[in-house]
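These notes concern the structure reproduced below.
The values are calculated or read from the model by the stated rules, or taken from the named source; none is laboratory data. If you're wondering where the values come from, they're calculated on a predicted model, not measured in any experiment. Note that we place each Cβ from the backbone using ideal geometry, even for glycine, and neighbour counts take in every protein chain shown. Ligands, DNA and RNA are stripped out before the accessible areas are found, and what is left, the full protein with its side chains, is counted by its heavy atoms. Shrake-Rupley method; radii C 1.70, N 1.55, O 1.52, S 1.80 Å.
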Amino acid sequence: MKLLTTAVAALLASGSIAAACEITLRSSDTHPDGYPTVEGVKAMGEEVRERTDGRICIEVFPSSQLGEERDTIEQTQFGVIDMVRASFGTVSDIVPETQLFSLPYLFRSTEHMHNVMDGEIGQTDLVEAFAAHDLVALAYYDGGARSFYNSQRPINSLEDLRGLKIRVIQNDVFVAMMNALGASATPMPYGEVYSAIQTGVIDGAENNFPSYESSGHYEVAKYFTLDEHLMVPEAVLMSKAAWERLSPEDQEIVRTAAQNSATVQRELWAERERASEEIVVAAGSEIVREIDKQPFIDAMGPVYDQFVTTDSARDLVQRIRDTE
């Protein structure tokens with residue numbers, strides 16, 4: 001109940017509520033204003049407002065104004081928040097089917113991930129999985145590819161990773177991945193990573209270029225290996241209760257605008273990645289680009305055995321791999 005009260009208070013306290021709109025959909029994001037996911041939902045809102053002649057507006061609350069990501073997913077389920085942008089890494093605790101999408105080296109490339117999410121798996125299988133938890137999946141955004149960085153040495157091979165203490169988020173798949181690679185998985189809050197690398201508590205972490213750059217981690221861990229072990233999708237989700245208050249015609253407008261916003265967000269993300277890469281390279285980071293991923297992939301056998309335990313899960317993983 002406290003979470004709901006906090007969300008309601010934040011909504012009422014906002015001075016920018018779109019009072020002129022007949023319907024205002026309130027959307028939460030943990031990222032700051034200007035971040036690609038925030039700008040993606042803003043683009044969605046612009047299209048919705050234009051196509052409904054101002055009847056429907058989307059108001060984005062960035063920077064965790066309505067709560068941290070997991071809290072806001074739950075609030076969206078309850079109908080207190082109308083929409084949320086959420087990472088599959090967070091939503092997997094609520095929609096178990098999404099955990100498979102955090103498996104290491106599942107996606108061969110960014111294009112492969114987009115094709116999976118925009119195809120039958122994303123548009124049918126996952127839509128049904130979210131619906132079972134009172135969430136309407138409208139579109140899928142790009143959260144980038146996570147790679148390894150550390151303060152000790154370039155990682156050119158699996159052997160170079162062995163023994164390193166690598167920070168991961170508190171997620172069983174991430175921990176199992178690091179252990180299978182021979183490194184020491186060290187879960188800790190994101191805000192503690194910089195000082196932990198600086199003081200030698202850990203040797204490094206894993207994340208995408210924008211996070212590596214914006215956090216300043218490149219200042220204390222200059223070796224970045226572009227192995228792209230994880231590509232975790234992000235979803236734009238809507239409360240079932242809010243969705244059902246819309247007419248079928250308005251539902252179609254909202255869904256189409258969300259799908260179009262995914263294109264905008266992905267372009268913005270690619271631009272942000274390039275800009276962040278340029279910054280860290282100019283600062284002296286050593287980027288390992290040419291790496292044989294196969295030994296890393298082969299080491300993931302025990303991880304898949306641990307988390308892909310049902311026939312339906314094995315079938316889904318195979319369908320993802322078979323997607324062109």
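Explain nothing, just the number: relative contact order of segment 68-125, from Cα pairs under 8 Å at least 6 residues apart, as a whole percent.
19
Sum -39500 (n - 2.57) across every DSSP H segment of at least 4 residues in the chain, then divide by the residue count to get the 222 nm mean residue ellipticity, nearest 500.
My calculation for the chain gives -13000 deg cm²/dmol from helical runs alone.
Over the chain, what is the relative contact order in whole percent, taking alpha-carbon pairs under 8 Å and six or more residues apart?
23
Leaving ligands and nucleic acids out of the surface, order Arg146, Arg314, Arg85 by accessible area at 1.4 Å, largest first.
From most accessible down to least: Arg314, Arg146, Arg85.
Please compute the modelled spin-label separation between Ser184 and Arg153, points set 7 Å along Cα→Cβ, answer in nm with one decimal.
1.6
Accessible area per residue, 1.4 Å probe, Å², for the chain: what's the number?
Result: 43 Å² per residue.
Please compute the length gained on full extension between Gln259 and Val281, using 0.36 nm multiplied by the number of residues separating them and subtracting their Cα-Cα distance.
Contour length minus the Cα-Cα distance gives 4.6 nm.
Taking every DSSP beta bridge that has both residues in the chain, what percent is antiparallel when rounded to the nearest 5?
Rounded to the nearest five, the antiparallel share is 55 percent.
On the full set of protein chains, 1.4 Å probe, figure out the accessible area of Leu268 and give it in Å² to the nearest 10.
Answer for Leu268: close to 60 Å² accessible.
In whole Å, how far is the Cα centre of segment 222-247 from that of segment 76-139?
6
List nothing, just return the count: lysine pairs in the chain, 8 or more apart or interchain, with Cα separation under 24 Å.
Within the chain, the lysine pair count is 5.
DSSP H helices in the chain with Cα extent of 15 Å or more along the helix axis and mean Kyte-Doolittle hydropathy at least 0.0?
Membrane-span-like by this rule: 2-13.
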